[in-house]
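Heads up, the thing below is written out as structure tokens.
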């Protein structure tokens, strides 16, 4: 049997259910099916018959005929969140709960071992074995590229579980830049490993909020201190369409008055099935569902890569080579989204995803055509915005400036 060995560098923590075990790392059961689909997509579905496994194992499908083993390397970093039992709910929770994008443990768990947590090593060794030498040669070429387009574990599209290949059979292999158009540079700040990782994902989170939902920072008295209108809102406006949040407000709070050109824009960046609205709406819960789709993960993909001590390049964009995402986008385009409010259960609103929406077009508008400071003040109807506010000063401004600089240096 032939084999090829890849040494991987781990860039960001993976959200893992076996977080307390020293062997917790990439899982072959997740990696292999994803890589099989990648190879089939790259080969336009024309996979040689003798490469396909004819094992009688249930659920094997058209898996390719190779075996994968994975071993973590280097000591694990201290990124796991502390666990505590909530005296009121009698459930185990991870602390702090405000780690960006970490949703797996929401609501807590009755058993501590049911919680997922962050795990990070220096890297991992992936050994792939097969009787088919031609298949292994193809794997040797494609696997490093595959890693630049995939992350692993929960919340992978937001940058968790990022790995790249640094060696093939012990020989150094410089990773190829991910086939993603946009990138920004980020220096992680913090006193320890977990604080630095939190700072990295805060940067991704603030950028994502600028693009999708907007930002409304309030103080303890529920008074707005900083407001950033969603760039998706501005995109819909220049298209002449109504913002979906406006349509929802009109339907549920203004006697059913509805704009004629009502579409769902925000959920093109990932269907949020539950949202909590603020004090003005009595903290009502908004729920979205669809008979056509169970869920729709964001097609916007982030790939953070460590390039030095505390230094990262965060690539992001559309995964053109990911067949799962392409199929998911096609399914969402024809879905009908049913919207309900917890304080108005007798009514529901159906929204259609904005027709002919192209994520590439939106990103070009938001990241290349909009002046971010002009955008900030264009919607400052509460007279609160300032370029010295910490969210803008420490995150929004340097992120968008770095994106612009990297575009100029292409």
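The values are calculated or read from the model by the stated rules, or taken from the named source; none is laboratory data. Computed from a predicted model, the values in this text were never measured in an experiment. Positions of Cβ are backbone-derived with ideal geometry, glycine not excepted, and every protein chain shown enters the neighbour counts.
Being closer than 22 Å to residue 224 by Cβ and either within 23 Å of the chain's Cα centre (by Cα) or loosely packed, with under 12 Cβ neighbours inside 10 Å (or both): is that true of residue 396 here? When the stated conditions are applied, residue 396 passes them.
Restricting the search to strands (runs of 3 or more DSSP E) fully inside segment 279-392 and requiring at least 2 residues that are free of Cβ contacts under 8 Å to residues at least 24 places away in the same chain gives 300-308, 344-351. Checking each residue in segment 157-200 for being in a helix (DSSP H, G or I) and either on the phi > 0 side of the Ramachandran plot or within 18 Å of the chain's Cα centre (by Cα) (or both) picks out 157, 158, 197, 198, 199, 200. Quick one: in segment 351-369, which of the residues that are buried (at least 18 other Cβ atoms within 10 Å of the Cβ) and in contact with a helix residue (DSSP H, G or I) (Cβ under 7 Å, 6 or more places away or on another chain) is farthest from residue 188 (Cα to Cα)? Among them, the one singled out is 351.
The set of residues in segment 249-277 being in a helix (DSSP H, G or I) and either modelled with pLDDT of 85 or more or touching a helix residue (DSSP H, G or I) at 6+ places or on another chain (Cβ under 7 Å) (or both) consists of 266, 267, 268, 269.
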